[in-house]
1. Those residues that are without any contact (Cβ under 8 Å) to a residue 40 or more places away in the chain and among the hydrophobic types (A, V, I, L, M, F, W, C), I need them from the range 498-524; list them, please.
2. Taking LYS619 as the residue in question, decide whether it is of a type in the set (D, E, K, R), at pLDDT below 85, in a loop (DSSP other than H, G, I, E, B) and open to solvent by 90 Å² or more (accessible area, probe 1.4 Å).
3. Which members of the range 694-731 meet the condition of being surrounded by 12 or more Cβ atoms within 10 Å (Cβ to Cβ) and basic (Lys, Arg)?
4. Within the range 413-434, can you find the residues that are part of a loop (DSSP other than H, G, I, E, B) and over 21 Å from the mean Cα position of the chain (by Cα)?
5. Among the numbered criteria (1) crowded, with 24+ Cβ neighbours inside 10 Å; (2) of a type in the set (S, T, N, Q); (3) assigned to a loop (DSSP other than H, G, I, E, B), which single criterion is violated by SER285?
6. Restrict the check to the range 745-763 and report whether at least one residue is more than 27 Å from the chain's Cα centre (by Cα) and over 19 Å from LEU440 (Cα atoms).
Amino acid sequence: MEAGRTLGRVGLQQELQQRRAAVLPALPNKPAGTTRRSRAQAHNKDVNQVTPARVAFKSAAPQAVQLAVAKQSGVVAHAVVGDVELSADQPLPAAAPRTANVVADMETILQERDACGVGFIASLKNHKSHTVVEQALMALGCMEHRGACSADDDSGDGAGLMTQIPWKLLQKEMPQLNEATSGVGMLFMPNDDKLEAECKKIYEEVLAKEGMKLLGWRAVPVKPEVVGRFAKATQPRIWQIMVEGKQGLVGDALERQLYIVRKLVDQAKLGRIPADKAFDFYTCSLSSRTIVYKGMLRSVVVGQFFKDLVNTSYETAFAIYHRRFSTNTTPKWPLAQPMRILGHNGEINTLQGNLNWVASREHELKHPIWEGREEALVPLCNAANSDSANLDNVAEVLVHTGSDPAEALMLLVPEAYRNHPDLMKTYPEVKDFYEFYEGLQEGWDGPALLVFSDGKTVGARLDRNGLRPARFWRTKDDMIYVASEVGVLGDVITNAGNVVAKGRLGPGQMVVADLTNAKFYENSAISGEVAKRKPYKEWLTTSLRKLKDLGESTYLTEPTLDAATLLKLQAASGMGAEDTQMVVEAMAQGGIEPTYCMGDDIPLAVLSDKPHPLYNYFKQRFAQVTNPPIDPLREGLVMSIEMRLGGRGNLLTPGASTYRQVLLKSPILLESELASIANDKTLGSKTFKLVFDGGKEGSLEASLKALCLEVEAAARAGSQCIVLSDRVEMEAGRPPLPCLLATGAVHHHLIATGLRSNTSIVVDTASCYTTHHAAMLIGYGAHAICPYLGYETARQWRQSPRTVSLIKAGKVPDISEIGRA
């Protein structure tokens, strides 16, 4: 991808600049920074354009589909002038009070992804010097090839540094600053006098309300002439705010108070700053320990743009540096990195699910440390922000609640702890830690290399897939270096003699430099120490049950329907003769997923004049970058198909009674297993029949809404397992609700009402008989599925005279005998 993008810029650079110079002035008030970069056009066009197929889907798909997938964003419009494609301004969320949890949709999410270069430099002895800044800027400059630029070849996707607050520099201008009791914020404000004054007023009012003192404002000295043309069009005004905490407020307590101030400012700006400018009012950092200098810049420009960074009075013991590659997106100043805790290289491919789970549980997150002020922290995430920004938001709330960054990253980006021989030999206790938190927090899966700091420790974490490079080395003078690649300081040969230890991060591994205690820890020591803090093994014994604890799993060997009834049910469920023979019977015969030739001339469901099951309107979504394929068979170390049933509990107060869940080895249930779950008193399972009055206008939508309200009532009453069943009497005029539609509608309704993490969804359906059907149901919210029609079809096939003869002749394996063995 990188080579293709560079080739497009080099070959057409002069022509594109001439064309844009002629085009841009003619566009009224068109911010150049929102122009799509020409060297990404070929890759972006298919992703963002409204294709005929998309238009056809929106017009052809059932109206009720919109109930299952809530659309939050507008359509991206394009204008094409010659060879140059320009994208219209993308609307920001309206400034309105938050009344319900917002369901994350993929179109909004796909607007912001990134893949970058990242690293850190730290003095293990916590010795502050300007040399650390100089080395960080040099390393950042060597990361230029890891980022991207706009068509002007000068506006970077983003670059920046996170360091300790340069107290020596700032106290020269503001002597009243106290390192123990003061905080410093780095702010972006709209490039407008009235809006700038309003932004300052918001901060001053919030500080006064919180009992904190404003010490003053400082205009950050910058050199705007080094900024690229497109980046300059959206360049904000950059200010630093100096504040004094409440009497006696220091350390972590001061950090929490500053965090609350920032969240309150974020809430207040939505009602007072116009929606199209609210995103330009952004707090890069507000802390008593760390500060972030970043912007829509190229790597080598960061030190030139921010004059503070070349001032010898700017001293720090560590620096995190980051160069952004904004995948398929339009770069923005606030989305440059590092964020407030993290710097991220990669992309979060589980983002939609992560955001929806956060939205579902954020109003239930409670901890005594917040003294009842948890509502000031929400919303935690925003789908319009990048994946990195959202992960940073969740890590931030965990850190401010009392977790250190290493523990927070372990539970957010877990290691692959199953079937891991090295883990079981060196630090087996961590298995209980991961297994316990699996019931509280779903993983944010990469590829992801994350560097992080809370001002006291600095570290790096690689996700369990291990698809991003990360190397670290330590020198004789106790300097720690971590980078996406070697050579970032340009002195690999000359400095080799000073290196006393080096290595690389493997999948799921971490390193941490503890600046307070002058200690450097590698993965096994970190994991072992974190896992021993709480009795996770003891908690698991009371929190987690296995499916076999609910009752015996038994296989039905004899058909339960006569042939005529089965045929009627198959026809009503959309299972044709080909599905029966080539899919269900093939799986029953071989015990594996059937495969076909690559050719497929069947019209897309959205373009077909024949009726199709709702499943056929969906296709698999692939990652945006060229990650290798991953599946449970080929990557057994990092993948699992285990599921859990039951409420998730409060992430901020883990304990023995936080949750009571049932572990499923597979999301596919037998009829006997479904019966055990449906009758379990601890789960308090409730079953809902999926049926509506066919032929009546509005009946489908009304039935879906009624179903959602009934499920909501059950969840509020304490039911931890919702069973959606289309196992109803077949009668004319009373068809079953499409199971996928019902599942998605219930899933998103529970998210919107803040109840999704309190309950699980189990689907009992005749419509699921292929792996694609199962994947769709799980993707839209189901935790488990009982495909009863598939089972019945397989049983009748097994009992047919033809199959019995083939088994006796040895031409077909007897799968049932293999299973019993």
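The values are calculated or read from the model by the stated rules, or taken from the named source; none is laboratory data. Treat the numbers as computed from the prediction; the structure is a model and nothing was measured. Methodologically, a virtual Cβ is constructed for each residue, glycine included, from the backbone with ideal geometry; neighbour enumeration extends over all protein chains shown. With ligands, DNA and RNA removed, areas are computed over all heavy atoms of the protein, side chains included. Shrake-Rupley method; radii C 1.70, N 1.55, O 1.52, S 1.80 Å.
1. Across the range 498-524, the qualifying residues are VAL499, VAL500, ALA501.
2. Spelling it out, LYS619 is indeed of a type in the set (D, E, K, R), at pLDDT below 85, in a loop (DSSP other than H, G, I, E, B) and open to solvent by 90 Å² or more (accessible area, probe 1.4 Å).
3. LYS705, ARG716, ARG727, listed by residue number.
4. Selection gives ARG418, ASN419, HIS420, TYR427, PRO428, GLU429.
5. Just one mismatch for SER285, condition (3).
6. The answer is no, given that none of the residues of the range 745-763 is more than 27 Å from the chain's Cα centre (by Cα) and over 19 Å from LEU440 (Cα atoms).
Residues checked against (1) within 20 Å of GLY245 (Cβ to Cβ); (2) out of contact with any Asp or Glu (no Cβ under 6 Å at 6 or more places or on another chain); (3) among the polar types (S, T, N, Q); (4) open to solvent by less than 10 Å² (accessible area, probe 1.4 Å):
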| residue | (1), (2), (3), (4) |
| --- | --- |
| ALA159 | no, yes, no, yes |
| LEU170 | yes, yes, no, yes |
| ALA180 | yes, yes, no, no |
| VAL184 | yes, yes, no, yes |
| ALA208 | yes, yes, no, no |
| LYS213 | yes, no, no, no |
| ALA219 | no, yes, no, no |
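A quick yes/no check of all residues on (1) in a helix (DSSP H, G or I); (2) aliphatic (A, V, I, L, M); (3) within 27 Å of VAL358 (Cα to Cα); (4) in contact with a strand residue (DSSP E or B) (Cβ under 6 Å, 6 or more places away or on another chain):
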| site | (1), (2), (3), (4) |
| --- | --- |
| GLU729 | no, no, no, no |
| GLY733 | no, no, no, no |
| LEU750 | yes, yes, yes, no |
| SER757 | yes, no, yes, no |
| SER767 | no, no, no, no |
| HIS773 | yes, no, yes, no |
| MET776 | yes, yes, yes, no |
| ALA782 | no, yes, yes, yes |
| CYS786 | no, no, no, yes |
